[in-house]
Each structure stands twice: as structure tokens, then as C-alpha cells.
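The values are calculated or read from the model by the stated rules, or taken from the named source; none is laboratory data. Just so you know, these numbers come straight off a predicted model, no measurement behind them. Quick reminder, even Gly has a Cβ in these numbers, built from the backbone with ideal geometry, and neighbours come from all protein chains shown.
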Amino acid sequence: MIEINNLKKEYIEEDTSTLALRGITFSIEQGEFVSIMGPSGSGKSTLLHILSFLDRPTGGSYKFQGKSIDDMTDKELAHVRNKDMGFVFQSFNLLSRLTVYDNVEIPLLYSDIAVSKRKKLIVDAIKSVGLEEKIYTEAGRLSGGQKQRVAIARALVTDPNVIFADEPTGNLDSQSGLQVMEILESLNDKGRTVILVTHETQTAEFADRIIKIKDGMIESDKAIIANRNHRKNLK
Amino acid sequence: MLFNDAFKTSTRSLTHGKMRSILTMLGIVIGIASVIILMSIGQSAQDLILGKVQSIGSDLIIVMPGAPSNGKFSSPASSQGIVITSLKQKDVDSLEREPSIVFAVPEVRGQAEAVYGNNNVTVGFTGSTSDFFQVSNLSKVSNGQIFSKSDVESENHVVVIGPDLAKTLFGPNVNPIDKIIHLKGVSVRVIGVLEKGGTGAFGVDIGNLIVMPITLAQKQFLGTTHFNVIIVQANSTYDVNFVKSRITFTLRQNHSITDPNKDDFNIQTQADILAILGSITSILTFFLAAIASISLVVGGIGIMNIMLVSVTERTREIGLRKAVGATDNDILQQFLIESVLLTFAGGVIGITIGAGIVGLIYFVLTNFFPSVGWVFAFPISAVILGLTVSGVSGIAFGIYPARKAGKKNPIDALRYE
């Protein structure tokens, strides 16, 4: 599904050049749950931005579902982001004055999905995160955990193949964080690819593969399915 | 993004900040209302002036001393302090012999202090013949009578006065007829009071007018033998332009003029006067609207300013929308619709307020100052202009902030604090 080869990202500001990614190579199959870990400044967020089409690499190649990012216009990238990708951010990025319903509707405004089909999709997405009672509540009135669940519903509403989560538990207490991770895990169980950026080991271990980044390069890339099976057995 | 969705998103954003939206619109509201009010007043004034000129009849021709302006507008020589004595009794006599002319009525004008008892007022007076009342459409008197041909020939000390002057000099309880008033120390007898609401030649307000035999005016008050104007009434069976050419021919003959460029008189028909006045009032209306439109520009800049602030405040929202699939054009469209909605709504409110004020002006002038004869005019062109200008200013002043919003990098926008 995702194939990157010798991926590089260089930021040039005036006379200073910073190499954030120094040649990263890996591939991710459909249905994988991958955590990208690394210390602050390691390049993990830059990598996530490139993987999620929010930024372009300055070197190497990136193929998404077999198609090279180099061949796609900004408009096509926006279309793929809308159709095939869902986003969950550390700071939720909800529009606080809009209701839960209106927030979840936002990606549909930019999609090809007919207006008549939208309501069911929105309600189903909100139900899937257990917030049907808050459907007409303003997002600003929700708790942190609820906000992140709305953000997940918003990420799900266009039925994307892959969900990108950037520190999704970073602003949550441990209980809410656990709930959010369980939702992401269940989405992965249903066949969606989940790519998570985190610096918390406990959160990263929800994945079945952890890629560690340091100084813009891969430090390690390990499958940890055993952890996940153990957690499932505990349930 | 569907237009309906963009429209819904934009209206939602605007209604979330109602007070800000209202204050932002205020500049456009004031600008459009000003344009509407000034265009309406200009149109009303134009209708009023042209209506008064039209009321004198299309068969009247005005002959004035001084060279013609050859199509350019210039004020009469007399108003520039220049005394031109080219029009004499001989000219009136020659014109009256023309078969295409019914009347040739000479007029002189001056100012004098009118005194009756303890009351005094400085007024304009007109000296003319008895035909003056007919050609000037002033033959109706509310009291008494107009002076006769023999009054003119005998240089009788009689005057016909306007209704407002009658009220000023005599008050409401004294009948002015046969009362003696003093003009520049000369005693004259009031024999008639003009009917209220009448209009003199070329829209002269007759409320405070004094009309006297031209012989009296020239000998007792002015000491001249020339005329300020000759009003000619054309025979209706002749074309006015033909009559104009006959007048030209006659006066050139009388004044021994062979070179047409050296004419010492100028002739204006009603159509000439309407054309000049029409262009003057149109220019005035245009300038009034141009001055008012300055406030529109100020209002537009206010909208641009608020939209720029809004783009900055909503940077994270822009980042989010782009992350979930919005293109540059989707964002541009949303902000542009917001801007156009603000200005268009401001335009509609401005037109409504402008119409209300125009109606109020009409109500006040017709009820409290009926003698003005104010006419109601609310040009549809002003409404169309108002709506178009408000919509266009929404685009003009909204495009820069909207483009700025559309060009935002999603990552930078999402990170914006």
C-alpha cells in the first residue's frame, strides 16, 4: 500500500539547510498497524506529513497504492487525502463552535459523496465512537477524550483505507488515551491501515510493528505482534 | 466542494460572529445608503428643475443680451456683473411684427427694499408688459388683478406682488389691494397678489416677486432703456427652430451684424435650456455619488481588514480543511463567499435605509415646505448600482484575503498557535 524508498526531506531557510529525513526506506501493507517512534526532532512528524500527503519529499520515491506521489498534482493529493486517508491530531483540531455532527461532516463537504447519503455516514461514524448522545453538542463543550473520539469519527466518515494518527493520546489522561487506542485498534481489526506517530512506548505497543526513527534515519523496524496477541488474550 | 456547501459553511461562519459581521458591514451600509440618498436627491432636484423649465412651454424662446456660448455652458453676462445693452425696444417691435411670433415680451430686473408701515424686506422686482403674465403662466391672481397695457403705457405706479411678500408686508389680516408700499422711496399701489404655488418663467419662485410695468421700472428704478431678456412666444404652427432662425435674422438686421460670430445676443429654446440644465444636474448627481462612494471604498477596506484578521484567526481551521481534502480553490471560494455575503447584505441594508431616508426627506419637504414642490425620485439605477457595487466590492476587497487563505500551507496552518 505504501512504498517509500530512500526518502529525503531537506528544509532550506536562507543559507541554512536542515536534513530532516536522510534516506528512509520501508513499505506498509494494507491492514497493518504501524507505530513510528522517535525522540523530539527525530523526523517522525515530517515522515508522517509526507506519508499523509501534507508535504512532499525532496528526494527518494513514494508510491501510494502503486502510484508515485511525483505524478500527482496538489489537487489530486487533496482528493486522495479526502477519499483514502483519515487524520487524527494530538490537538484534535475540531471547530469548537460547530456541533459534533457538523465537525464530522467536514471531510464530506470536499468529497464526491452525494448529499443524500451524508447523514447516515455521519451518524454511523459518530455511533462507532460511542458519541451518539452528543451528536448535536458543540465540540467545545466536550471533554478531551470525547473530542478525540469526534476527531476519529471525522477521520472515519469517508471510509478511508488508512488512518494517520499524530500523537493521538498526547493531550489525554491515561483512561481516555486507552479508549482512543482501543478504538484505533478496533478500526485496524476491521482491515484499516493505522499509522501512528508517538513517543510513548505504551501507546506504540498497540501496533503490530514499530519503526524507530533517529536523526532522520530508521534506527529499527520490528514486528511486535506478540504484544498485541497478549493484550487480546487479556481481554 | 458544492456551492451550496460553501454557501452554508460561509453563512455559518458569519452567523457565529454576528456582532463582528454587523460592524464589518456598517461601512458598506453607510456607503451604499449615502450613494442611494444622494442619487435620489440629485434625481429629485433634476426632475424638479427640469419640470419647472418644461412648465413654461416648449413654444417659449428666451433672447438674452451677450454673445452665444456656442454650446458651452457659461453664466449669463448680467450675473458676471457685465451690463450689455444690446436688446432695445426696437427689437421687441421688430419681433412682434414677425408672423411666426405671437408675443415678444421684454423684461428688466432689479432689487429694491419694499416697505409697508414698519415692515420692510429686500426683494427682486421684474418690470414687463401686461403680456408677461400670460407668457410666464402667471395670469392667476388670488386677489385683485394684473396690470393692463394702459398701465404700462401710462407708466402707472402699480405692482402685482407674490403671495409670500404679501404675507410678510401686510400680515394675514390686512388686504393688500390698493395699499401703498414704498420701493426705493417710490410709492406704488398694490393691485394684485399672485396665486400661491405659481411658478415664474424658468422656475423663478414668485413667492417674493414684485412685477411692475416695464416703463415704471426702467424710468423710476433702473434708469435704463435696454432689456435683460425678451421672452418670445412662438406661433404654434411654426417649428421652434424656424422661429429661432427668424429671431436671429431680425436681430442681426436690427444690430447691423454681418458676421455671425459677432452676435450680441443669444437665443435659447426650452430644449436648449433643458439640455444644459440636464447635463449640469447629471454632473452634480455624478459628483455627489462619487463623493459618497469614497465611504464605500473605506467600507470595503474595512471588510478586507476584517477578512485578513479572520483568515489569521482561522489558520488552524484552514489547515484542518486542507488536511481532510479541501483544495486551494475550496478555501478561496469559502472566504470569497463570506466577503461577498457581507458586502451584499450591507448593500441590501444600505438600500433599505437609503430608501427610508429618501422617503423621510420627501415627507418632510412635501408636508412642511410644500412651496418647494419637491418630487419623489428613487432611481432604480441607484438600486442596481448599489447592489452591483456592493457585490463587486465584496469580490474586490475579499479576493486578497481569500487567496491568502487558499495559499496557506496545511502543515504550517495546523501548527499555528
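For the structure I just gave you, tell me whether B:V229 is surrounded by fewer than 19 Cβ atoms within 10 Å (Cβ to Cβ) and among the hydrophobic types (A, V, I, L, M, F, W, C). Lay out the reasoning, then the answer.
On the way: surrounded by fewer than 19 Cβ atoms within 10 Å (Cβ to Cβ): no; among the hydrophobic types (A, V, I, L, M, F, W, C): yes.
So B:V229 does not fit the description; no.
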Which of the residues that make up segment B:2-21 are surrounded by 15 or more Cβ atoms within 10 Å (Cβ to Cβ) and either in contact with a Ser or Thr (Cβ under 6 Å, 6 or more places away or on another chain) or of a type in the set (A, V, I, L, M) (or both)?
B:A6, B:L14
With (1) surrounded by 13 or more Cβ atoms within 10 Å (Cβ to Cβ); (2) more than 31 Å from the chain's Cα centre (by Cα) as the list, and B:N261 as the residue in question, which single condition is left unmet?
(1)
Quick check on this structure: which one of A:A20, A:A78 is within 30 Å of B:L14 (Cβ to Cβ) and among the hydrophobic types (A, V, I, L, M, F, W, C)?
A:A78
Any hit, segment A:136-148, residues being of a type in the set (V, I, T) and surrounded by 17 or more Cβ atoms within 10 Å (Cβ to Cβ)
no
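So which residues in segment B:239-278 are without any contact (Cβ under 8 Å) to a residue 24 or more places away in the chain and part of a loop (DSSP other than H, G, I, E, B), if there are any at all? So that I can check it myself, show each step before the final result.
Taking segment B:239-278 as the starting set, the residues that turn out to be without any contact (Cβ under 8 Å) to a residue 24 or more places away in the chain are B:239, B:245, B:248-249, B:252, B:256-261, B:272, B:275.
Residues satisfying the conditions are B:D239, B:S256, B:I257, B:T258, B:D259.
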Filtering segment B:8-46 down to residues that are in contact with a helix residue (DSSP H, G or I) (Cβ under 9 Å, 6 or more places away or on another chain) and charged (D, E, K, R), which residue is farthest from B:V309 (Cα to Cα)?
B:K8
I'm trying to understand the selection: among the residues of segment B:362-417, which are more than 32 Å from the chain's Cα centre (by Cα) and of a type in the set (S, T, Y)?
B:Y400, B:Y416
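Can you tell me which residue within segment B:326-344, out of those that are in contact with a Ser or Thr (Cβ under 8 Å, 6 or more places away or on another chain) and more than 14 Å from chain A (Cβ to nearest Cβ), is farthest from B:I411 (Cα to Cα)?
Initially, segment B:326-344 is screened for residues in contact with a Ser or Thr (Cβ under 8 Å, 6 or more places away or on another chain), giving B:334-335, B:337-338, B:341-344.
Next, only the ones that are more than 14 Å from chain A (Cβ to nearest Cβ) stay: B:335, B:338, B:341-344.
Values: B:F335: 20, B:E338: 24, B:L341: 29, B:L342: 29, B:T343: 32, B:F344: 34 Å.
Restricting to residues being in contact with a Ser or Thr (Cβ under 8 Å, 6 or more places away or on another chain) and more than 14 Å from chain A (Cβ to nearest Cβ), the top hit is B:F344.
What residue, of B:S236, B:S282, B:S187, B:S295, is hydroxyl-bearing (S, T, Y), outside the structural domain of B:G144 (by TED's automatic domain parsing) and either in contact with a strand residue (DSSP E or B) (Cβ under 9 Å, 6 or more places away or on another chain) or in a loop (DSSP other than H, G, I, E, B) (or both)?
Details: B:S282 fails: either in contact with a strand residue (DSSP E or B) (Cβ under 9 Å, 6 or more places away or on another chain) or in a loop (DSSP other than H, G, I, E, B) (or both); B:S187 fails: outside the structural domain of B:G144 (by TED's automatic domain parsing); B:S295 fails: either in contact with a strand residue (DSSP E or B) (Cβ under 9 Å, 6 or more places away or on another chain) or in a loop (DSSP other than H, G, I, E, B) (or both).
Of B:S236, B:S282, B:S187, B:S295, the one residue that is hydroxyl-bearing (S, T, Y), outside the structural domain of B:G144 (by TED's automatic domain parsing) and either in contact with a strand residue (DSSP E or B) (Cβ under 9 Å, 6 or more places away or on another chain) or in a loop (DSSP other than H, G, I, E, B) (or both) is B:S236.
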Just name the residue that is farthest from the other protein chains (Cβ to nearest Cβ) out of those in segment A:81-119 that are basic (K, R) and in contact (Cβ under 8 Å) with a residue 24 or more places away in the chain.
A:K83
Tell me, yes or no, whether segment A:16-34 has at least one residue that is surrounded by fewer than 16 Cβ atoms within 10 Å (Cβ to Cβ) and outside any strand (DSSP E or B).
yes
Run down B:L360, B:L332, B:L336 and say which single residue is in the same structural domain as B:T24 (by TED's automatic domain parsing) and more than 30 Å from A:L77 (Cβ to Cβ).
B:L360
Single condition B:H182 does not satisfy, out of (1) modelled with pLDDT under 85; (2) part of a strand (DSSP E or B)
(1)
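Hey, any hits in segment A:89-102 for a residue that's under 27 Å from A:M181 (Cβ atoms), part of a helix (DSSP H, G or I) and charged (D, E, K, R)?
Checked against the condition, which is being under 27 Å from A:M181 (Cβ atoms), part of a helix (DSSP H, G or I) and charged (D, E, K, R), segment A:89-102 yields at least one hit.
Which count do you get for residues in segment B:1-41 that are of a type in the set (K, R) and within 10 Å of chain A (Cβ to nearest Cβ)?
Looking only at segment B:1-41, we keep the residues that are of a type in the set (K, R), and these are B:8, B:12, B:18, B:20.
Pick out the ones that are also within 10 Å of chain A (Cβ to nearest Cβ) and you get B:8, B:12.
Number of matching residues: 2.
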Counting only residues that are under 25 Å from A:N82 (Cα atoms) and touching a Gly at 6+ places or on another chain (Cβ under 6 Å), how many does segment B:368-417 have?
3
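Tell me, which residue of segment B:390-410 that is within 14 Å of chain A (Cβ to nearest Cβ) and crowded, with 17+ Cβ neighbours inside 10 Å is nearest to B:V35 (Cα to Cα)?
Taking the candidates together, the pick is B:G406.
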Given the conditions (1) surrounded by fewer than 22 Cβ atoms within 10 Å (Cβ to Cβ); (2) closer than 27 Å to B:K52 by Cβ; (3) touching a Phe, Trp or Tyr at 6+ places or on another chain (Cβ under 7 Å), and given that B:D164 satisfies all but one, which numbered condition is not satisfied?
(3)
Can you tell me which residue among A:T46, A:T16 is of a type in the set (S, T, Y) and touching a Leu at 6+ places or on another chain (Cβ under 9 Å)?
A:T46
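Taking into account only those residues within segment B:82-102 that are of a type in the set (A, V, I, L, M, F, W, C) and exposed (fewer than 14 other Cβ atoms within 10 Å of the Cβ), which is modelled with the lowest pLDDT? So that I can check it myself, show each step before the final result.
Restricting attention to segment B:82-102, the residues satisfying the condition of being of a type in the set (A, V, I, L, M, F, W, C) are B:82-84, B:87, B:92, B:95, B:101-102.
Pick out the ones that are also exposed (fewer than 14 other Cβ atoms within 10 Å of the Cβ) and you get B:82-83.
Working: B:I82: 65, B:V83: 71.
My answer is B:I82.
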Residues of segment A:120-154 being away from chain B (no Cβ under 13 Å) and of a type in the set (D, E), in sequence order, are A:D124, A:E132, A:E133
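For segment B:355-382, enumerate the residues that are over 29 Å from B:D164 (Cβ atoms) and either in contact with an Asp or Glu (Cβ under 8 Å, 6 or more places away or on another chain) or in contact (Cβ under 8 Å) with a residue 60 or more places away in the chain (or both).
Within segment B:355-382, the subset over 29 Å from B:D164 (Cβ atoms) is B:355-356, B:378-382.
Scanning segment B:355-382 gives B:A355, B:F378, B:P379, B:S381, B:A382.
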Show the residue pairs that are 6+ apart or on different chains and have beta-carbon atoms under 8 Å apart, the first residue being within segment A:54-77 and touching a residue at least 24 places away in the same chain (Cβ under 8 Å), the second being small (G, A, S) and outside any strand (DSSP E or B).
A:L54/B:A323
Scanning segment B:229-266 for residues that are over 23 Å from B:L48 (Cα atoms) and β-branched (V, I, T) gives B:V229, B:I230, B:V232, B:T237, B:V240, B:V243, B:I247, B:T248, B:T250, B:I257, B:T258
Answer yes if at least one residue in segment B:144-152 is crowded, with 19+ Cβ neighbours inside 10 Å, among the hydrophobic types (A, V, I, L, M, F, W, C), part of a helix (DSSP H, G or I) and modelled with pLDDT of 90 or more, and no otherwise.
yes
Which of the residues spanning segment B:363-375 are surrounded by 14 or more Cβ atoms within 10 Å (Cβ to Cβ) and modelled with pLDDT of 85 or more?
B:L365, B:T366
